[in-house]
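Worksheet: the structure to be examined is printed underneath.
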Amino acid sequence: PKTVSKCYVQVTGMTCASCVANIERNLRREDGIHSILVALMAGKAEVRYNPAVIHPSAIAELIRELGFGATVMENCGEGDGVLELVVRGMTCASCVHKIESTLMKTNGVLYCSVALATNKAHIKYDPEIIGPRDVIQVIKDLGFATSLVKKDRSASHLDHKQEIRQWKRSFVVSLVFCIPVMGLMIYMMVMDSQLADAHAHHNMSIERMEALHSSMALEYQLLPGLSVMNFLSFLLCVPVQMFGGWHFYIQAYKALKHKTANMDVLIVLATSIAFVYSVVILLVAMAEKAKANPVTFFDTPPMLFVFISLGRWLEHVAKGKTSEALARLISLQATEATIVTLGPDNVLLSEEQVDVELVQRGDIVKVIPGGKFPVDGRVIEGHSMVDESLITGEAMPVTKKPGNTVIAGSINQNGSLLISATHVGADTTLSQIVKLVEEAQTSKAPIQQFADKLSGYFVPSIVAVSVVTLFAWIIIGFVDFEIVEKYFLGYNKSISSAEVIIRFAFQASITVLCIACPCSLGLA
């Protein structure tokens with residue numbers, strides 16, 4: 001008998017099914033080539049040839065002459081089928097040995113390992129010689145029940161619904177409390193400037209007086225050193241810090257536990273420092289029974305949390321959109337196939353329903369009107385119209401007659417077809433598309449990896465900068481107080497200069513931390 005070898009050729013430059021047909025048609029004519037199978041999405045041709053007549057490099061050259069790029073793939077193990085099975089009824093190591101030794105003797109099985117503890121079998125086989133159904137049959141003949149490991153077809157790992165809900169809740173909580181805080185802050189600013197005007201001009205209209213009274217009401221001290229304004233801000237700030245910032249705290253804690261610093265660490269640092277500093281300043285003022293109300297930063301945390309949780313929410317919505325496309329793609333795959341046995345003259349002898357993973361290359365699959373094609377294949381018998389819009393975008397149904405190729409996932413419309421499976425399992429066009437989209441989502445662009453590396457240094461350096469800012473201003477202040485006076489407007493003349501300096505230094509350093517918070521912007 002003539003020896004037949006198999007090689008894989010990587011083919012580039014194929015754009016559609018007609019390229020595939022072109023390559024297959026032309027190569028079949030050549031001497032020494034027994035069969036050729038081209039997968040469009042994988043860009044791969046599997047050629048069976050007679051090594052006495054032709055070499056793989058010559059085959060690649062033939063494809064190149066047709067105007068495509070072609071290189072012979074060295075690692076030809078690509079074509080091995082892998083099977084994961086659950087085997088029930090094993091009691092001891094001798095059962096394991098029996099299954100393994102029987103399978104290894106079976107022609108076409110390349111590797112087999114059975115684990116008693118997990119009841120699982122991992123088998124590699126050559127799809128040319130043997131298929132998954134044959135392997136399962138061998139194990140069944142030994143007296144064990146076996147079934148496929150069920151794959152999760154729902155693509156639930158691509159679902160961002162929970163994160164979307166979580167960040168939306170976070171955003172709404174922060175927003176509800178942020179608006180009054182911002183309102184109070186803006187109101188106070190306007191009133192302060194009006195007060196300054198009034199002092200400058202000494203003439204006050206009645207409305208001005210009333211407006212000032214309301215601002216005085218906010219400045220009114222409930223307890224010595226605790227104004228209504230600060231008390232309200234504090235009350236509004238606590239829930240944001242607790243509920244709005246909850247996820248940030250968890251993430252930051254996890255990051256620090258692994259000795260890394262990410263954006264969450266910065267946010268938590270800035271908001272916590274602002275919050276704690278404000279609380280401490282208030283307590284000090286109350287202890288001193290201060291007449292003047294201290295300047296607090298209760299407006300910082302809510303505003304930061306609002307912007308950042310909004311950002312996170314939108315980010316997850318966007319991620320959810322791409323993943324949704326992928327989940328839809330995955331859901332297009334048929335789950336079962338009807339395999340038929342043909343007698344002479346294509347007479348139907350029997351048919352059985354099997355899992356789509358069990359369809360082997362060369363099987364005859366029957367597809368009824370309205371059914372999905374479970375695998376890529378070639379029509380053997382029957383005429384029909386097929387809706388391939390999900391793969392090709394072609395809105396009109398395409399006529400299929402014997403000899404035409406069909407794509408897994410497309411929908412058969414009016415006639416019953418018998419097809420011979422050419423690409424099964426992970427080799428079907430649909431599986432390849434899903435794989436490409438998944439890879440595109442998981443792989444990072446080089447610049448992105450660089451940005452991730454930078455962000456590792458970004459956070460510590462920002463913290464360092466803000467500490468430097470703090471000390472620099474304290475030193476400047478004690479050396480030359482006038483500079484601080486120039487920048488720190490509207491401070492109360494009744495407090496000591498040391499306190500003014502420290503407050504200003506704190507304000508500057510917290511500002512540095514807060515500004516650096518959306519570090520994605522800095523990196524972008």
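The values are calculated or read from the model by the stated rules, or taken from the named source; none is laboratory data. Owing to the predicted nature of the structure, the values given are computational and were not obtained by experimental measurement. Every residue, glycine among them, receives a Cβ derived from its backbone with ideal geometry; neighbour counts consider all protein chains shown. Ligands, DNA and RNA are excluded from the accessible area calculation, which covers all protein heavy atoms including side chains. Shrake-Rupley method; radii C 1.70, N 1.55, O 1.52, S 1.80 Å.
What residue, of I99, I59, I63, I54, is within 29 Å of D134 (Cβ to Cβ) and open to solvent by less than 60 Å² (accessible area, probe 1.4 Å)?
I99
Looking only at residues that are assigned to a strand (DSSP E or B) and free of Cβ contacts under 8 Å to residues at least 24 places away in the same chain in region 387-423, which one is farthest from N346 (Cα to Cα)?
Applying the filter and picking the extreme gives V398.
Just the residues that are among the hydroxyl-bearing types (S, T, Y) and either assigned by the TED database to the domain that holds I139 or in contact with a Cys (Cβ under 8 Å, 6 or more places away or on another chain) (or both), please, taken from region 44-70.
Y49
Which one of these does A285 not meet: (1) open to solvent by 60 Å² or more (accessible area, probe 1.4 Å); (2) more than 29 Å from I164 (Cα to Cα); (3) hydrophobic (A, V, I, L, M, F, W, C)?
A285 satisfies all of (1) open to solvent by 60 Å² or more (accessible area, probe 1.4 Å); (2) more than 29 Å from I164 (Cα to Cα); (3) hydrophobic (A, V, I, L, M, F, W, C) except (1).
Which residues, taken from region 232-248, are aromatic (F, W, Y) and farther than 20 Å from I164 by Cβ?
F234
Of all residues in region 102-152, count the ones that are open to solvent by 80 Å² or more (accessible area, probe 1.4 Å), at pLDDT 85 or above, more than 32 Å from the chain's Cα centre (by Cα) and closer than 30 Å to S5 by Cα.
6
Is there any pair with a first residue in region 136-150 that is closer than 11 Å to T106 by Cβ and a second that is open to solvent by less than 60 Å² (accessible area, probe 1.4 Å) and in a strand (DSSP E or B) whose Cβ atoms are under 8 Å apart and which are 6 or more apart or on different chains, and what are they?
Here the result reads I139/L85; I139/V87; I139/A121; I139/T146, each pair linking region 136-150 to a residue that is open to solvent by less than 60 Å² (accessible area, probe 1.4 Å) and in a strand (DSSP E or B).
Determine whether N293 is within 19 Å of F506 (Cα to Cα) and either of a type in the set (S, T, Y) or surrounded by fewer than 21 Cβ atoms within 10 Å (Cβ to Cβ) (or both).
In short, yes.
Just to confirm my filter: which strands (runs of 3 or more DSSP E) fall fully inside region 327-386 and include at least 1 residues that are farther than 26 Å from L40 by Cβ and either open to solvent by 70 Å² or more (accessible area, probe 1.4 Å) or out of contact with any Lys or Arg (no Cβ under 6 Å at 6 or more places or on another chain) (or both)?
Result: 336-342, 348-355.
For the list (1) surrounded by fewer than 19 Cβ atoms within 10 Å (Cβ to Cβ); (2) over 30 Å from K453 (Cα atoms); (3) over 21 Å from the mean Cα position of the chain (by Cα), I need the number of the one condition that L256 fails.
(2)
Please enumerate the residues belonging to region 24-52 that are hydrophobic (A, V, I, L, M, F, W, C) and either touching a strand residue (DSSP E or B) at 6+ places or on another chain (Cβ under 8 Å) or at positive phi (or both).
Those that are hydrophobic (A, V, I, L, M, F, W, C) and either touching a strand residue (DSSP E or B) at 6+ places or on another chain (Cβ under 8 Å) or at positive phi (or both): L27, I33, I36, L37, V38, A39, A45, V47.
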